[in-house]
Every structure is written in C-alpha cells, then in structure tokens.
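Asker: Please see the structure below; I have some questions.
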Amino acid sequence: MALPIADYALVGDRQTAALVGRNGSIDWLCLPRFGSSACFAGLLGTEEHGHWQLCPVEEFEVSRRYVGCSSALETTFTTATGVVTLTDVMPPGDHRADVVRRLDGVRGTVRMRHEWVVRLDYGAVLPWVRRETVDGEAVITAIGGPDRLVLRGPRLPRASDHRHADEFEVAEGAVLTFSTTWLPSHVPLRDLGPIDDRVAAAIAGDQQWADRCRTDLPHDDLVRRSLMTLRMLTDSETGGIVAAPTTSLPEDPGGVRNWDYRFCWLRDAALTISTLIEAGYTEEAQLWRGWLLRAVAGDPADLQIMYAVDGARRLTELELPHLPGYADSRPVRIGNGAALQRQLDVVGEVMIALGLTRQATGRADGNAWALQLALMDNLAKTWDQPDHGIWEIRGPRQRFTHSQAMVWAAFDRAVRAVEEFDLDGPVERWRELRDAVREHILERGFDAERGTFVQHFDTTAVDASLLVLPQIGFVAGDDPMMLGTIAAVEEDLIRDGLVLRYRTETGVDGLPGDEHPFLACSFWLVSAYARAGRTADARALFDRLCGLTNDVGLLSEEYDAARTSMVGNFPQAFSHLALVRAALDLVDPPESLGRVNEGLRTA
C-alpha cells in the first residue's frame, strides 16, 4: 500500500522526477521524461508494481529536509543502534537519466535493507534482468523494449522471486553510493562515468538559482521551495512546464476523478511564467516562449489547452486496468481527453504571460507577436461561444464568466501591446471588442440582486475562479462588485476554512462524486483579501495555508481538512504558483506591480 501523499517528497533533473517516501522508497518514477512510462509505479498499486527502497531493517524515526534550497533530498533515519542519512538527487544528464542515492553513517551502526524492483510500462512488464561488467565495474541491468536501467553500487542486491534485495550494515563514517541510470536499450553499455562530481554540481546550480529570489516575502522558505518546485517541473530543454509529475492521484479517494497531469497546460504554464517573472526570473520565460511558439504552430483554430512536454498534441486518454490505483481509486488513466476541450480562457493567460515577458525583456519578439495576432484574429470570431471553462468540465459547455473575463484580458493585452511597444495590429477593433465583452459580462455574468459575479451566464451559483478578476485588471479589488463576490464565495464555497472550486452538486461538471477544497483557490482568496484591503484576513489565511505544506514544503492539488490529508496529484504546480502569487500580493501594493492596474476599467 502506498504512503499518504504528504509522506512523499520530490527529486528531479528538470526532465523527469521521482517521488520518495519517508520510508526511503521511490514509488513513482517515469524515465527518461515526465511523460514516459513509469518503471517504479508502486504509488498506484503495490510494491510489486515497482519500487526502489533503502531503509533500516529495525524500527526507525525519520526526519527530512532539502539540502539548502536545492532539489537534493536528505532523509535521516534514527534507530536504537545509530543514525544514517540518505541523500537522493537526480543530477542533470546528457541523453540519460540518473537517480543517485547516497548513504552516510552518522552515528553507531545501522542495518539497512535494499530492494530494487523494476517493473516497466507502469508495472505491467517484467524486464530481463542480469549482471554485467562495464569497464571493470559490476552492475545489474534491466531491459524491456526501448528501456534499459542500470543499477550501480558498492554492493549489489541478489535476485530472488523477480526482485533484488540485500541487507548490510552502515557504520559511522561509512559512505555508500548507489545509482540507477536510464539509457536507451540499443546503446552499448560503456563509460558510465563518475557520480559524485555531477551531484555536487547539481546542488550548487540549484542553490545559485534560488539565491536570486527575493527575500522580503512572507514565509520566505516556502516561497523559495515553491519556486524550486516550479523549476523542477520545467523541462530544461524544451521549456514545457508540467502541471504535476504524477497521474491518477485521486481528487475523490476511491472514486473516478483520477487524471493524468504530466502535461503542459497553456494556462498553468502561462500563470507559472507570470509568477516567475514577478519573482525575478526571466530566463524561464524566454525558454517557455520558445516552447509555446513550437507547440501551437499552425492554425490557431486548432489550439489545444494542453500539450506534451515536447509539444506533441496527441494525448489519447487510456485506462490501465492492471493497476488497482492509489487508495483503490479506479480507473488509473494515462493521457488526457480534456486536451481537445474548448477553453477560451487560455488565450487570455497566454496573452498576459507574453506581455509580461515582453516587459521583462524590454523588447518585442516578432515571432511571438505574429502568434498573438493569429490568436486574436481567431478569438475575435469565437469569443462569444460557450466553452468547458477553467475546470475542464465534462458536462455541457457554458458561458463561463471567468472565461469571458479572460477573453476581455486577451483583447486588453493586445491593445496595450500596440500602445506600449508600437506593434502593428487592428487596435481599434480590439478596443471595440474589449468593451463589448465587458458589457456582456456585466449584463449576463453579474447577479445584481446578490451583488456578485456568477459562475456562468445561466446560473446564480458562484465559482472560485471569479477571485482572480482583480489580478487580471477586470475590476478593482475593492470595487463593490468584487467585495460582493468575495462575500458570496465565503458563504457558498468555504469548507473547513478552505475554498472549493465550485459546488459539485450543481452537476455542472458532469461527473459523479465530490471533491475537496482546492488549494490554489484558497490562495486566490488570500490575494483577493489583500486587494480588497482585508490585510489581516489575507495574512491569517496565508499563514494557515502555509501550515498545510508537508514536512518539506510541498503541496498537492486539494486538501481534506476533515482527515488532514493531501488529495490529488502531487506536487501540484498550480498550488505552488498560487502560493507565490499570494505572497507577492501580500507585500507589493497592486499599484507598484505594473502588471494590470494601469488598465483598470471599472463600470
């Protein structure tokens, strides 16, 4: 049985990532990329579906931390006989992927158990495993189809019943380093190279990146960890940003709301880039801009809401019946059928992010502007059509207020690009459309009787996505319309002090079951409070939300306050970027941010 979600930590090389449990077990790892099939899939099944564990044989206590601000994880095991630390790191590689696990004897002597159980293709394929010698070094290889895993170390485990296991003692001062390396199975094995130098370089590179972060933000340590997590979820070669490194961790344990998040949502990526820019990081923005131009190349009418990390479009959704699922939550899915949904809001988020990138770099990119012209031309023809909305409902399309507000933001940013950077475009047409969209929202998307914006034009229900309207400049944070919306969210969507996305009992999403409060929405409420002048409420909620991170500062998608447990895919980029956004809003008055408020146009 997999551990509670909060008991996992993330290590990665910015092309893929592993989940490491407090028990020293790697229960999820896709190699060599985020979207590859898993070779350790015990997270969604049992240990027989693949895991790699190093932990004491006898009963132990455990503490964990990241090494500085890096992506290297240090787990300390304390037993009755001694103390051992386990350091996990994935140094960046050259057309390969490495997981390095180093044991250091700190005090006394600790007897350790080592298990290496490889199951390729999400636990479905038993590989061909054998011992080999490479440049005089004994290794174990596991081969299946295109994949080869190579286990190295000072002592290799023995095979028994399709698994490899060993027990040994680690004395004070002893250092034992093990590694698993992925290589294409057709490439001859040779020159695996040293490990230690790459580990030190990886940690130093992470720390140097983190040192550029602002130091004046509340819960500075968690802000830095969130930024590092976003960096770890960004492919260093392509610039694609995955929503999470996992699939099918359930929103409703035991239910069917289990989705694959190992893809690049335009929305999530654009919001991540916007947040990174305001936190002082611009290189990632330029990398992502390149990814975007490649991914969406072609007819703007064919724009998808998500792509693979390399920009691939075909994300066919499949079910894996051989996996029982986390907490018996079926089906386990790979691929994502929502890729073909219509979500109007993504164009707005992309326009905002590209606008911020233009401001941060101080120059306009011709190719990026050509893309924006094509997107705006298509949006001008389709803006008033219903869509599936930000939450990817699988019910009937609606005229979602948030989607329409993001359409307004798209036209607004197009106008401002022409005004501020002297770019060519039909600016008068865009101004007319911007004003028309705004009037439409105020007429159909606002409940004057209750004094609140509504989820969509045919309901009086509210939606947490309405909380971002001040962030995009559609309405001032202290406007009476926004104050009424905050009050409605507090009345309708608060559960155990946290914010739901919407009320599932309305049937708007077309799915059975319920879900738990969505952490990003709760951070949005922090930002909304701050912009409404409710500073004490904003800081109190932010403090509480920061208290929900696990022991190493990570957040899942949702949180079950009644059971004090994390829910959904983990760690979730959306939650972490919302944490950073809220921290910025608590410190920087909106007028100083220069991102939306010059364009405020209230009714």
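The values are calculated or read from the model by the stated rules, or taken from the named source; none is laboratory data. Note that the structure is a prediction, hence the values are computed from the model and not measured. Positions of Cβ are backbone-derived with ideal geometry, glycine not excepted, and every protein chain shown enters the neighbour counts. With ligands, DNA and RNA removed, areas are computed over all heavy atoms of the protein, side chains included. Shrake-Rupley method; radii C 1.70, N 1.55, O 1.52, S 1.80 Å.
Asker: What does the charge count around A138 come to, taking other residues whose C-beta lies under 10 Å from its C-beta (Lys +1, Arg +1, Asp -1, Glu -1)?
Answerer: Values: positive: R131, R152, R155; negative: E132, E137.
Once positives and negatives cancel, what remains is +1.
Asker: Here is a follow-up. Could you list which residues have their amide H under 5 Å from that of V170, counting only those 5 or more apart in sequence or on another chain, with H placed in the peptide plane?
Answerer: Under 5 Å from the amide H of V170: V110, R111, M112.
Asker: Once amide H atoms are built 1.01 Å from N in the peptide plane, which residues 5 or more positions from A17, or in another chain, come under 5 Å H to H?
Answerer: Here C30 satisfy the definition.
Asker: Another question about this same structure. Under a 5 Å amide H to amide H cut-off, with H placed in plane at 1.01 Å, what residues pair with V125 once short-range neighbours are removed?
Answerer: L120
Asker: For region 150-232, what is the charge dipole size about the Cα centre, in debye to the nearest 20, if Lys and Arg each add +1 at the Cβ and Asp and Glu each add -1 at the Cβ? Write out the running numbers ahead of the final one.
Answerer: On the way: 11 positive and 13 negative charges, 81 e Å.
Around 380 debye, computed over region 150-232.
Asker: Another question, then. Contour minus end-to-end for M1 and A174, with contour as 0.36 nm per residue of separation and end-to-end as the Cα-Cα distance?
Answerer: On the way: separation 173, 0.36 × 173 = 62.28 nm, distance 3.18 nm.
Full extension of this stretch gives 59.1 nm more.
Asker: To the nearest Å, what is the center-to-center distance of region 475-544 and region 206-226, using C-alpha atoms only?
Answerer: Using only Cα atoms to place each centre, the spacing works out to 26 Å.
Asker: On to the next question. Which ³J(HN,Hα) values, rounded to whole Hz and listed in residue order, are derived for region 518-532 from phi using the Karplus coefficients 6.51, -1.76 and 1.60 in 6.51 cos²θ - 1.76 cosθ + 1.60 with θ = phi - 60°, glycine and proline given as x?
Answerer: 9, 5, 4, 5, 5, 5, 4, 5, 4, 4, 5, 4, 4, 6, 8
Asker: Obtain the nm distance between the two label points defined at T535 and E317 by a simple spin-label model: each point lies 7 Å from its Cα along the Cα-to-C-beta direction.
Answerer: Here the modelled spin labels are 4.6 nm apart.
Asker: What list of whole percents do you get for P(r) of the chain, with Cα-Cα distances grouped in 20 Å bins up to the one holding the largest distance?
Answerer: 20, 53, 23, 3
Asker: At 7 Å along Cα-to-Cβ for each site, give me the label-to-label distance between E420 and A165 in nm.
Answerer: 6.1 nm
Asker: Based on the alpha-carbon gyration tensor of region 62-124 and its eigenvalue square roots a ≥ b ≥ c, which shape applies: rounded if a/c is under 1.5, prolate if not and a/b is larger than b/c, or oblate?
Answerer: Values: a/c = 2.57, a/b = 1.44, b/c = 1.78.
Oblate shape, in that a/c is at least 1.5 and b/c is the bigger or equal ratio.
Asker: Here is a further query. Could you order peptides 77-87, 128-138 by the average number of other Cβ atoms within 10 Å of their residues, highest first?
Answerer: 77-87, 128-138
Asker: How large a share of the accessible area of the chain, in percent, is made up of carbon and sulfur atoms when the probe is 1.4 Å and the other protein chains stay in place?
Answerer: On the way: 10370 of 21260 Å².
On the chain, the fraction of accessible area on carbon and sulfur atoms equals 49 percent.
Asker: Let me ask something else about it. Placing unit charges on C-beta atoms (Lys and Arg positive, Asp and Glu negative, everything else neutral), compute the dipole magnitude of region 382-473 about its Cα centre in debye, rounded to 20.
Answerer: That gives region 382-473 a dipole magnitude of about 280 debye.
Asker: Would you kindly derive the ³J(HN,Hα) couplings of region 192-207 from the backbone phi angles with the Karplus curve 6.51 cos²θ - 1.76 cosθ + 1.60 (θ = phi - 60°), listing them in order in whole Hz, with x for Gly and Pro?
Answerer: 5, x, x, 10, 4, 4, 5, 5, 4, 5, 5, 5, 5, x, 4, 5
Asker: Could you run the Karplus curve 6.51 cos²θ - 1.76 cosθ + 1.60 with θ = phi - 60° over region 47-63 and give me ³J(HN,Hα) per residue in whole Hz, x for Gly and Pro?
Answerer: In residue order, the calculated couplings are 4, 6, 8, x, 6, 9, 10, 10, 7, x, 6, 8, 4, 9, 9, 9, 9 Hz.
Asker: Further question on the same structure: Efficiency by 1/(1 + (r/R0)^6): what FRET value for R158 and Q207, r their Cβ-Cβ distance, R0 = 51 Å, to the nearest 0.05? Before the final figure, lay out each step's value.
Answerer: Values: r = 38 Å, r/R0 = 0.75.
The calculated FRET efficiency here is 0.85.
Asker: Before anything else, pin down the relative contact order of the chain: Cα pairs under 8 Å, at least 6 apart, normalised by residue count, whole percent. Before the final figure, lay out each step's value.
Answerer: Working: 1351 pairs, mean separation 74.4, N = 603.
Once normalised by length, the contact order is 12 percent.
Asker: Below 8 Å between Cα atoms, with a sequence gap of 6+, how large is the relative contact order for region 16-79 in percent? Don't skip to the end; give the middle numbers.
Answerer: Values: 113 pairs, mean separation 16.0, N = 64.
Normalised by residue count, the contact order of region 16-79 is 25 percent.
Asker: Once the dipole of the chain is set up with Lys and Arg at +1 and Asp and Glu at -1 on Cβ about the Cα centre, which of F411, T275, G105 lies farthest towards its positive end?
Answerer: Towards the positive end, the residue furthest out is G105.
Asker: Add +1 for every Lys or Arg and -1 for every Asp or Glu among the other residues with Cβ under 10 Å from the Cβ of A210, and state the total. Can you show the working numbers first?
Answerer: Details: positive: R212, R224, R225, R231; negative: D206, D211.
My count for the surroundings of A210 gives +2.
Asker: Can you divide the C-alpha Rg of region 411-553 by 2.2 N^0.38 Å and report the result to two decimal places? Mind showing how you got there, number by number?
Answerer: Working: Rg = 17.5 Å, N = 143, 2.2 N^0.38 = 14.5 Å.
Normalised Cα radius of gyration, region 411-553: 1.21.
Asker: Per residue, how many Å² of accessible area does region 80-237 show with a 1.4 Å probe?
Answerer: Working: 6910 Å² over 158 residues.
With the other protein chains kept in place, region 80-237 gives 44 Å² per residue.
Asker: Which one, W52, Q286, T504, projects farthest toward the positive side of the charge dipole computed for the chain from Cβ point charges (K/R +1, D/E -1)?
Answerer: Among W52, Q286, T504, the one farthest towards the positive end of the dipole of the chain is W52.
Asker: In whole angstrom, how far apart do the alpha carbon centroids of region 353-416 and region 307-323 sit?
Answerer: 25 Å
Asker: If you don't mind, another one. Put a dot 7 Å past each Cα toward the Cβ at R342 and S565; how far apart are the dots in nm?
Answerer: Taking the two extended label points, one gets 4.0 nm.
Asker: Sorted by mean Cβ packing within 10 Å, highest first, what order do the peptides 499-508, 112-121, 15-24, 387-396 take? Before the final figure, lay out the partial values.
Answerer: Numbers: 499-508: 17.5, 112-121: 22.3, 15-24: 23.8, 387-396: 19.3.
My ranking of the peptides, most packed first, is 15-24, 112-121, 387-396, 499-508.
Asker: Starting from the Cα gyration tensor of region 226-338, take the square roots of the eigenvalues, sort them a ≥ b ≥ c, and report rounded, prolate or oblate (rounded when a/c is under 1.5, otherwise prolate if a/b is larger than b/c, else oblate).
Answerer: Values: a/c = 2.69, a/b = 1.57, b/c = 1.71.
Oblate.
Asker: To continue, here is another question. Calculate the FRET efficiency for E132 and T361 from the Cβ-Cβ distance with a Förster distance of 45 Å, rounded to the nearest 0.05. Could the numbers behind the result be given before it?
Answerer: Numbers: r = 49 Å, r/R0 = 1.10.
For R0 = 45 Å, the calculated efficiency reads 0.35.
Asker: Please give the charge dipole size of the chain, origin at the Cα centre, charges +1 on K and R Cβ atoms and -1 on D and E Cβ atoms. Round to the nearest 20 debye. Spell out each step's value before the answer.
Answerer: On the way: 61 positive and 88 negative charges, 179 e Å.
For this selection, approximately 860 debye.
Asker: Sticking with this one: Among A461, L483, L433, whose Cα sits farthest toward the positive end of the charge dipole of region 400-514 (+1 at Cβ of Lys/Arg, -1 at Cβ of Asp/Glu, about the Cα centre)?
Answerer: Value computed over the given set: L433.
Asker: Same structure, new question: Order the peptides 353-365, 307-319, 159-171 from the highest to the lowest mean number of other Cβ atoms within 10 Å of their residues.
Answerer: On the way: 353-365: 19.2, 307-319: 16.3, 159-171: 14.2.
So the order, starting with the most tightly packed, is 353-365, 307-319, 159-171.
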